[in-house]
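Report on one structure; see the data block that follows.
The values are calculated or read from the model by the stated rules, or taken from the named source; none is laboratory data. Since the model is a prediction, treat every value here as computed from it, not as a measurement. With ideal geometry, Cβ positions are generated from the backbone for all residues, glycine too; neighbour counts draw on all protein chains shown. These accessible areas exclude ligands, DNA and RNA; they are computed on the full protein's heavy atoms, side chains included. Shrake-Rupley method; radii C 1.70, N 1.55, O 1.52, S 1.80 Å.
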Amino acid sequence: MSFGTIIGAALPVFLILGLGYWLRQLKILTTEADASLMKLVIRVLYPCLYFDYVVGNPALKGASNLIAAPLVGFLTIAGGFLLAYGVARMMGLKVGKGLRTFAFGSGIYNYGFIPIPLILALFGDRGTLGVLLVHNVGVEIAIWTAGVILLSGEFKKSALRNIANPPVIALLVALSINTMGWDASIPGWIATAIGMLAACCVPMGILLAGALIADLFQEQKLLADPKVIAGSLLVRLGLLPAVFLLVAAFVPGLSTELRQVIVVQAAMPAGIMPIVLARHYAGDTGVAIRIVLGTTLVSVLTMPLWIHAGIAWVL
């Protein structure tokens with residue numbers, strides 16, 4: 001796959017992200033609308049996306065991807081936490097001074113709104129996107145178990161309830177439909193309506209992410225702590241992508257679809273969720289914000305490079 005094709009696939013994502021940023025600046029996408037729009041995305045559009053790409057997906061008919069994909073999702077996040085924690089210790093960060101938040105924020109990659117359109121644009125494959133959505137269940141489990149323990153320093157039983165969110169419930173329903181062989185019996189008009197709603201999910205989510213980034217720039221000066229920025233870039237956009245590609249290349253038994261997912265996820269910046277959870281679990285919000293802003297901005301340059309390397313080496 002040519003480098004130009006990869007850049008062409010990535011540019012629309014950053015264009016919509018930038019549009020969300022400017023819509024916030026122009027006060028067209030207001031903070032008052034954020035809560036209701038995010039509920040719409042998470043409770044309606046995202047479940048429709050899961051349903052649309054999982055029901056009848058041939059890549060999810062066997063047990064291989066249903067087991068390996070969430071396991072890879074869990075282990076890549078948990079492994080990211082461990083590596084980021086080690087780097088944070090070498091940087092001199094300490095508990096109560098940003099160490100936990102650095103490890104948490106640098107260990108989580110953007111696993112939703114950026115990789116979804118990239119996978120569709122690069123591979124045009126319904127099977128690969130379905131595998132990504134199943135993979136993301138493992139990511140969610142890692143975040144709400146190992147991630148919350150890392151961030152807060154203790155096991156939070158209440159956090160487990162967040163695993164049973166609307167997208168995951170939609171996934172389980174869709175997989176049940178596949179298992180019972182009902183996927184061919186869904187009326188076309190229902191499938192069309194679900195598909196139309198699913199198509200709204202990603203652009204709406206990216207616009208909201210762009211608006212949030214605009215807010216974060218107002219909250220924090222990006223270069224207020226260059227050590228944190230440099231460390232997060234090393235971990236999230238340097239060391240972890242290399243580890244991910246080694247996994248995709250050499251771990252036996254992984255399907256082509258799952259290897260494609262790992263290649264794309266290797267290139268992702270930090271996800272935005274660490275900011276929300278840092279605030280909720282008394283982490284260092286400033287550290288989380290700098291990690292998200294720094295890795296997102298620099299990933300404009302590094303993302304095509306890592307994806308190109310991964311496709312050339314792994315696929």
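Pairs Lys27/Lys156; Lys94/Lys156; Lys39/Lys94: which exceed 28 Å Cα-Cα?
Lys27/Lys156; Lys39/Lys94
Of Tyr53, Ala84, Val41, whose Cα points farthest to the positive end of the dipole of the chain (charges on the beta-carbon: +1 Lys, Arg; -1 Asp, Glu; origin at the Cα centre)?
Comparing the listed Cα positions along the dipole, Ala84 ranks first.
Can you tell me how the chain classifies by the Cα gyration tensor, rounded, prolate or oblate, using a/c under 1.5 as the rounded cut?
Because its axes are fairly even, with a/c under 1.5, the chain counts as rounded.
Between Lys227 and Val173, how high is the FRET efficiency from 1/(1 + (r/R0)^6) when r is the Cβ-Cβ distance and R₀ = 41 Å? Nearest 0.05.
Result of the calculation: an efficiency of 0.35.
Take every Cα-Cα pair in region 197-315 and report what % of them are more than 16 Å apart.
Value for region 197-315: 65 percent of Cα pairs lie more than 16 Å apart.
Would you mind checking the radius of gyration and Dmax of region 35-192 based on alpha-carbon positions, in Å?
Just the Cα atoms of region 35-192 yield Rg and Dmax of 17.6, 59 Å.
Nearest 20 debye, what's the magnitude of the dipole of the chain about its Cα centre given +1 on Lys and Arg Cβ and -1 on Asp and Glu Cβ?
So the magnitude is around 660 debye.
Rounded to the nearest 10 degrees, what's the angle between the helix 31-40 long axis and the longest principal axis of the chain, both from Cα atoms, 0 to 90?
40
Calculate, for region 165-315, the solvent-accessible area per residue in square angstrom, rolling a 1.4 angstrom probe over the heavy atoms of the protein chains.
42
Per-residue accessible area for Lys61 at 1.4 Å probe radius, Å² rounded to 10?
110
Just the accessible area for Leu197, please: 1.4 Å probe, Å², rounded to the nearest 10?
70
What does the helix-only formula give at 222 nm for the chain: each DSSP H stretch with n ≥ 4 adding -39500 (n - 2.57), the total divided by the residues, and the result rounded to the nearest 500 deg cm²/dmol?
Taken over the chain, the calculation gives -23500 deg cm²/dmol.
Treating the angle as unsigned and between 0 and 90°, give the value, to the nearest 10°, between the Cα long axis of helix 240-250 and the longest Cα principal axis of the chain.
With rounding to tens, the tilt is 40 degrees.
Farthest toward the dipole's positive end in region 93-213, which of Leu197, Gly130, Gly153, given Cβ charges of +1 (Lys, Arg) and -1 (Asp, Glu) about the Cα centre?
Selected residue: Gly153.
If amide hydrogens are placed 1.01 Å from N in the peptide plane, which non-local residues have theirs closer than 5 Å to the one on Gly283?
Close amide H contacts, sequence-distant or interchain: none at all.
Return the carbon/sulfur percentage of the accessible area of region 29-109, one whole number, probe 1.4 Å, all protein chains in place.
Summing carbon and sulfur atoms, their accessible area is 67 percent of the total for region 29-109.
Please arrange Arg161, Arg89, Arg24 by accessible surface area, largest first, computed with a 1.4 Å probe and ligands excluded.
The ordering from most to least exposed comes out as Arg161, Arg89, Arg24.
Please determine, in degrees from 0 to 90 and to the nearest 10, the orientation of helix 256-266 with respect to the longest principal axis defined by the Cα atoms of the chain, where the helix direction is its Cα long axis.
Taking Cα atoms only, the helix is inclined about 20 degrees.
State, as an integer percentage, the relative contact order of region 222-315 based on alpha-carbon contacts under 8 Å between residues 6 or more apart.
41
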